[in-house]
Amino acid sequence: MNKPLALVIEGKEVPCFAVSPKTDCPHLKEEYIENLKKLLSESENLITSNSCEECQDQSENWVCLVCSKVYCARAVKSHMVSHNEKTNHDIVLSFSDGSFWCYVCDSYIITKQLEHLQRTFGKIKYPEEEQKQKESKTENIQKIEEAKKEDEDEDDKKNEKKPKLEQLFEDLTISENKEKKEFTYEEFIQGIKTKKFQKIIFLTGAGISVSAGIPDFRTPGTGLYSQLEKYNLPYPEAVFEIGYFKKDPKPFYTVSNGFLTAKAHPTTSHFFQKMLFDYGVLLHIFTQNIDGLELDAGVPLEKLCQAHGHLRTAHCIKCHQEYDANKMMECIQKGEIYKCDAENCKGLIKPDVVFFGEKLPVDFFSKSFLIEDTDLVVVMGTSLVVFPFANLISLVHKTVPIVLINRENSLQQSRENFLFIGGDIDTNVEKIVHDLGMKGTYDEIKTAAQK
Ligand code: CNA
């Protein structure tokens, strides 16, 4: 298992999010799962309005899966840590983001059963969001069906000239593919062309923005983490770790100057996503990227979930007052630490990007239910090591094809219905656009966005 990254603040180890959860925790007992099931079915209020048993704080709590008691996180007063030290109760669930932690393994943990419970937890925690999603899902389905009907009417006109037998043969080919376990490049291209896939979900990461001049994190040599030695950080991720930022924001300011402030333009991958939106087959984009280049390419905000936040707004981390993101960028450029001007606050201002150790936005959890509805998942430019984002992959139904377009095979799991397109992302996406016969449309989208 990957050793969890940890940061020592005031003598305590603070775990960060940038880890692969352990999948074989030996301390997770069947009875804990039963306890949690009971808790989720009986105490919905506990999830929405929980208080630490010791300090009554409600901001960031965990529940113990052994005794069902609620205590606050390390970021508050560490009462759950004290509870574990006193009782040796090892497995806890975070009310902030639904992650599970084992104190003995010193790691986030996940199993198929926990994943299922995590989803139940999300449904209880965000019922309105889920309802909204369902409504917009129904709306989307209606829209797709109307569009389909229009297409069918069009096709009917075209197919008047087509021999019926040829059409039957096409239908047969598609139904045969459903039974197949391998997913081929040909099926990928044909499935998009013929609109067999109508609810495509993209899961993307820093690799899609590298050709826009924004370095990724982990590519050896060029990635941001390779360039951080001079800052003498305990480990590279510390620069984007909330605990470290509170202690010393300077590395974040220095590293962000250039990284966050550069004016970048959408890449081939962003235009490809916009092209599939225009083609009517995009269900949603989940990105870890904070740059928002999807929006610059013309993808509407309602089709985008920026799981790790964005640069459009900034907030004081103490009193949560909103601040102008442009002023934040100016401060980053000047190297001036931007502080809250509310009376007696002086809290640090931070762009609304999710730092390691911070909660993910609500829409990440509420929209993750869309994965149940997708018919094709395209993963691009990500090493899939940051959780819970990487966990989205495990929510994809096994009959739904996953296509990974990345330099290396970061999925690293044997899966049916999987296609890996390795190598440079722009080169591969250009080939896909060409093979789809959509180069003309793609060029028009690119020209329109550049105007
Ligand atoms: P990562 O871990 O740095 O992985 C990037 C992946 O992309 C790696 O697998 C690379 O091999 C691959 N890759 C890079 N360039 C290419 C290329 N030209 N062709 C093919 N593959 C390529 O980044 P992740 O997104 O997986 O990690 C998640 C972090 C990165 C999130 O928290 C982001 O917020 C964060 N991040 C975002 C940005 C941005 O907004 N543009 C930039 C840097 C980091």
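Table for the structure above
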item: Relative packing of 25-36, 52-63, 355-366, which averages over residues the other C-beta atoms within 10 Å, highest first; result: 355-366, 52-63, 25-36
item: Extension gain, residue 184 back to residue 116 (0.36 nm per residue minus Cα-Cα distance, nm); result: 21.5 nm
item: HN-Hα J in Hz across segment 241-247 - Karplus 6.51, -1.76, 1.60, θ = phi - 60°, x for Gly and Pro; result: 10, 4, x, 5, 4, 5, 6
item: Computed FRET value (nearest 0.05) for residue 447 with residue 31, which takes r as the C-beta separation and R₀ as 60 Å; result: 0.45
item: Placed amide H near residue 376: partners under 5 Å, 5+ positions off or other chain; result: 199, 201
item: Sorted by Cβ density within 10 Å, fewest first, the residues 350, 196, 263, 446; result: 263, 196, 446, 350
item: Set of segment 332-370 residues, backbone N closer than 13 Å to the point 7 Å along the Cα-Cβ line of residue 322; result: 352
item: Hydrodynamic radius by Kirkwood, which averages 1/r over all alpha carbon pairs of segment 249-387, in angstrom; result: 16.6 Å
item: Label-point separation in nm, residue 394 to residue 337, each point 7 Å along Cα→Cβ; result: 3.9 nm
item: Sequence-separation-based contact order of segment 196-349, relative, with Cα cut under 8 Å and 6+ spacing, percent; result: 23 percent
item: Virtual spin-label span in nm between residue 427 and residue 77, 7 Å along Cα→Cβ; result: 5.9 nm
item: Spacing of the two label points (7 Å from each Cα toward its C-beta) at residue 87 and residue 262, in nm; result: 5.0 nm
item: Long-range HN-HN contacts of residue 421 with modeled amide H, under 5 Å; result: 404, 405, 406
item: Residues 424, 291, 97 arranged by fewest to most Cβ contacts within 10 Å; result: 424, 97, 291
item: Using a Förster distance of 22 Å, the FRET efficiency for residue 313-residue 362 (Cβ separation, nearest 0.05); result: 0.90
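Since every read-out is calculated from the coordinates, none of them should be taken as a lab result. Here the structure is a predicted model, which is why all the values come from computation and not from measurement. Here Cβ is always computed from backbone atoms with ideal geometry, including for glycine, and neighbour counts include all displayed protein chains.
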